[in-house]
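The structure appears below as structure tokens.
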Amino acid sequence: MELVQIQRRLVDYTKSLFMEGFLDAQFLQLQQLQDDSNPDFVFEVVSLFFEDFEKLLNELTIALDQPNVDFKKLDSHVHQLKGSSSSIGAQRVKNACIAFRNYCDVQNIEGCLTCLQQVKQECYLVKNKFETLFRLEQQIMASGGSVPTIELGF
Amino acid sequence: MHGNIWVVQNPQGSAQSMALVIRFQLRPSVSITINELGESSDQPCSNSLFKGLQVLLADDDDLNRAVTRKLLEKLGCSVSAVTSGFECLTSIGPASSPFQIVILELQMPELDGFEVAMRIRKFRSRNWPLIVAMTASADDDTWERCSQIGINGVIRKPVLLQGIAIELRKVLMQANKV
């Protein structure tokens, strides 16, 4: 595939992620921070997020498995996940966390369990999306091109 | 637009031809970011106000710390980062610490941002270094509490370049007036 075609594909794909609510403006912010001194910044930060996520997922699963669920502890884990997902612009994960916290507030175990599944699903979904994004970027760079910056009008 | 317009007249006095020159400046491609107020504006470039500003950043979350650090460096600040309230106090400890601004996450385990700020204000001068709090929950109560402790500004998370730049600028301007 020609370089220009891959570049167009990347732009279209990224825009679709915004349209579908997977990503929000915060992700644009991250991209703006990437520069020659830190060419892999976005990749590093996103990777950090998924590392954290695996640990948090573990904590959440264990916490909900207890005979007496510690909702405060549960909430603090979800709060952390909400914070980091929001920092990378993973909007749907963030929203799932907000719903999760609401159920923690009212100490509804069933609700929490459902939300846990929801959060898990959204994370794996967006992980897939990121992988595609990064793969397209790599293809562009391997062809000697530069990654186009996204400009969005709101 | 620093342009020019002139008319060449023919012998009868009416216009024979007109020329219009408009000078456009080539600008770098601008990305639109949404700031907290919902307005879109240009990305603030490294401002002389922030160039070389010595900042101490305290945040226990690796991801958030990495992003905030990068944002500050993008503005031109010189950043030192610590991962806890205790480390923060240790870094400021000596009477003449190099930091002009301390940026502090409020929700940290063991020693939170409020505590750190209170101790800084208690054992150092009333106005130095400048303290800016970061929090995901910036409601009126938080602001009130920060104000009483002597925190100079509050940044709402998730942090945007625009948000940090505006708040830091405000805090620095106010400090200069005192």
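What follows is calculated from the coordinates using simple rules that are stated; it is not laboratory data. Keep in mind the model is a prediction, meaning the values are calculated, not measured. Here the Cβ positions follow ideal geometry from the backbone for every residue, glycine too, while neighbour counts run over all protein chains shown.
What the table shows:
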| item | result |
| --- | --- |
| For the range B:57-69, 3J(HN,Hα) per residue [Karplus equation, 6.51 cos²θ - 1.76 cosθ + 1.60, θ = phi - 60°, Hz, x = Gly/Pro] | 10, 10, 7, 7, 7, 4, 5, 4, 5, 4, 5, 4, 4 |
| Residue among A:Phe49, A:His77, A:Asn108 farthest towards the positive dipole end of chain A, charges placed on Cβ | A:Asn108 |
| Too-long pairs where the Cα-Cα distance tops 20 Å, listed order kept, from B:Lys122/B:Lys157; A:Lys120/B:Lys70; A:Lys72/A:Lys129; A:Lys94/B:Lys157 | B:Lys122/B:Lys157; A:Lys120/B:Lys70; A:Lys72/A:Lys129 |
| Net dipole in debye of chain A [+1 Lys, Arg Cβ; -1 Asp, Glu Cβ; about Cα centre; nearest 20] | 320 |
| Mean separation of Cα contacts under 8 Å, 6 or more apart, over the residue count of chain A: relative contact order % | 31 |
| Estimated 222 nm signal from helices in chain A, with DSSP H stretches of n ≥ 4 weighted -39500 (n - 2.57), rounded to 500 | -26500 deg cm²/dmol |
| Amide H contacts under 5 Å for B:Ile155, placed H, 5+ residues apart | B:Ala133, B:Met134, B:Thr135 |
| Exposure proxy order (Cβ contacts within 10 Å, fewest to most) of A:Ile62, B:Ile164 | A:Ile62, B:Ile164 |
| Ranked list, fewest to most other Cβ atoms within 10 Å of each Cβ, for A:Asp75, A:Asp70 | A:Asp70, A:Asp75 |
| Among B:80-90, A:80-90, the order from most to least packed when residues are scored by Cβ within 10 Å on average | A:80-90, B:80-90 |
| Average silhouette area of the range A:1-143, convex hull of alpha-carbon atoms, in square nanometres | 9.0 |
| Principal-axis tilt of helix A:91-105 within chain A, Cα atoms, nearest 10 degrees | 10 |
| Charge dipole magnitude, Cβ of K and R +1, D and E -1 - the range A:80-154, Cα centre, debye nearest 20 | 80 |
| Helix A:3-19 vs. chain A, principal-axis angle (Cα, 0 to 90°, nearest 10) | 30 |
| Gyration tensor verdict on the range B:99-178 (Cα atoms; rounded if a/c is under 1.5, prolate if a/b is larger than b/c, oblate otherwise) | oblate |
